[in-house]
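Take a look at the structure set out below.
Only the coordinates and a few stated rules stand behind these numbers; no lab work does. Note that this is a predicted model, so its numbers are computed, not measured. As a convention, Cβ positions derive from the backbone with ideal geometry for all residues, glycine included, and neighbour counts pool all protein chains shown.
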Amino acid sequence: MANATGLISAYATCTGRRNLSSYGISRSGFLSVERNMKRVFLCSAVEGVEGHASGAPSSKPRASRLLGKGCKLVGCGSAVPELMISNDDLAKIVDTSDEWISVRTGIRNRRILSGNETLTGLAIEASRKALHMAQVEPDELDLILMCTSTPDDLFGSGPQIQKELGCKRNPLAFDIRAACSGFLLGLTTAGSFIRAGGFENVLVIGADALSRYVDWTDRGTCILFGDAAGAVVVQACNDDENALLGYDVHSDGDGQKYLNATIKDKEAENVLGSNNGAAGFPPGLSSYSCIQMNGQEVFRFAVRCVPQSIEASLVKAGLTSSSIDWLLLHQANQRILDAVATRLRIPSDHVISNLANYGNTSAASIPLALDEAVRGGKVQAGNIVATAGFGAGLTWGSAIMRWG
Ligand code: UT7
C-alpha cells in the first residue's frame, strides 16, 4: 500500500536550470524568492515536431512571468454525448428495472458515445468552455493533463488535445490513468507542477468512455456507467490567493481484485511456431476484458475511505467539516454520497449530485458536476468545496478547494 499526503502550501523551490527536454519541451528558469513571491524567468523552447522538421530545434524565449506559490481554479467546462440511455432502455436488454436501478443507485439516465463522437472530441469541447470561462487562450497554456482510463489512442490523447485546441506554444501534454480518481489526481498534479515547476496555466481534463468496456449483458455493472468529459483551468497565483487548500491521496493495489478491466490472455497465432520458429510468436492482438466489479466491496471501501480522506484534507487545510459549503464526490452511487455526507455531518442540501442524469462517468464525474453547479449558480466565488475521487486501482483521494 502506498500513501501520500500533501499540503499545497508547502512547495518545493527550485533554482537554476531545468531541462525537461525528454518531454519535448525545454525550460530554463531563474528564480529569486521575495517573501511570498517568486520571480520566474521562463526561457522555454516550445516547439512542435513540425517546427523542428526543417532544421535543428530552436529556442524561442517565453515572456518573463511573476509567479506566486499558490494556485486557484479559474474556469470549468463539460461536454456529454448526444445519445441518452434510460433505465427503461436497459430493462429491455438485461433483467432489471427502473425502480431497482434508481432506488439502489440514484441513476436514471446516462449518455453514451455514438456515431462519430469521440472521447477526444468531448474533452476538447469541455476544454474550450473551461478556457473561455477562465479567459485563458490556448496559447497561454503551459500544461495539459488528460485524466482518462479509456483514451482514443492507447499511447495517450493529451498531445492530440493540445493540437486540436490550437496551442501554438505546444504546452506539455500527457495522460494520467487512474480511473475514477483520475481527475482528483490530475488536480493535485497540476498544483505540484505550478508550485515546483514554474508552470502557470494548467488545463486538467477528466474524461472517460467506460461504455467501451462494459459488458452489456451484466446487469451488475452495465446500469452504472456513462460517458462524459469535464475540464478545469488551474492557474498560478500569490500565496494569499491560494485556493487549493489541502489534499490527501492514496492507492492500494491489493484491492484491484474488486474492480478492474485487465488485458485478456492472447491467443498466440503461433505462425513461426508452426514453422519450427519461436513458439507463441508473433503474439495475437491484445484487448481488454470488460469491467469486472465486486460492487459490495467497492461500496464498503468508498464509505470507509472517503470520509477519512476528506477529514485528513480538512486538517491539512486547517478547516473543519462545518466550513464545507459543498461536498462534491465522484458520482458513483447516491447511497455512497449520502453515507459520506452523514459521516461528515454535511446536510444533504450541501451535497452536489447529478448522477441521476449521467450515471458514473469515472474521471469526468467531478468536473462535470462542478461545471453544472458553477454554471447553475450553486457553487459561487469564495465557496469551500470538498471533493473526493475513488475507484479502480484501488485509488482514492480528496482535496479542499475554494472556488473562483
Ligand atoms: O467508481 C467506482 C465504481 N463502482 C462503484 O462505485 C460501485 C459501488 N457499488 C454499488 O454501487 C452497488 O454495490 C451496486 C449498485 C453495484 C449494487 O447494489 P447492491 O445494493 O450492492 O446490490 P447487490 O450486488 O447486493 O445485489 C442485490 C441483489 C442481487 O440479487 P439476490 O442475490 O439478492 O437475488 C443481485 O443479483 O440485486 C441483484 N441485482 C440486480 N437486480 C436488478 C444486481 N444488479 C441488479 C440490477 N437489477 N441491475
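So if I take the centroid of the Cα atoms in region 360-404 and the same for region 167-195, what is the distance between those two points in Å?
Distance between centres, Cα-based: 15 Å.
What aspartates and glutamates could a cross-link reach from Lys378, if we take a straight Cα to Cα line under 12 Å and drop same-chain neighbours fewer than 8 places away?
Within the straight-line limit of under 12 Å, Lys378 reaches these aspartates and glutamates: Asp325, Asp349.
Report the normalised scattering of region 112-203 as log10 I(q)/I(0) at q = 0.15, 0.19, 0.25 Å⁻¹, calculated by the Debye formula with identical scatterers on the alpha carbons.
-0.55, -0.89, -1.45
Going by how many other beta carbons lie within 10 Å of each one, how would you line up His132, His330, fewest first?
Values: His132 13, His330 31.
Lowest count first: His132, His330.
Please give, to one decimal in nm, the separation of the simple spin-label points placed at Gln296 and Gln256, each 7 Å out from Cα toward the Cβ.
In this crude spin-label approximation the distance works out to 2.5 nm.
Need one number: nm distance between label points at Asp88 and Arg335, each 7 Å from Cα along Cα→Cβ, rounded to one decimal.
It works out to 2.5 nm between the two label points.
So the label point goes 7 Å from the Cα of Asn109 along Cα→C-beta, right? Which residues of region 356-397 then have their backbone N under 14 Å from it?
Residues 356-359 qualify, since their backbone N sits under 14 Å from the label point.
Taking the dipole about the Cα centre of region 141-189, with the C-beta of Lys and Arg at +1 and of Asp and Glu at -1, give me whichever of Leu145, Gly182, Asn170 is farthest to the positive side.
Going by the charge dipole, the pick is Asn170.
Using unit Cβ charges (K, R positive; D, E negative) and no other charged atoms, how large, in debye to the nearest 20, is the dipole of region 137-232 about its Cα centre?
Details: 7 positive and 13 negative charges, 37 e Å.
Around 180 debye, computed over region 137-232.
How large is the dipole of region 149-307 about the Cα centre if only Lys and Arg carry +1 and Asp and Glu carry -1, each at its Cβ, rounded to the nearest 20 debye? Don't jump to the answer; show the numbers that get you there.
Values: 12 positive and 19 negative charges, 29 e Å.
Rounded to the nearest 20 debye, it is 140 debye.
What aspartates and glutamates sit close enough to Lys92 to cross-link, taking a C-alpha to C-alpha distance under 14 Å and skipping anything fewer than 8 places away on the same chain?
Asp218
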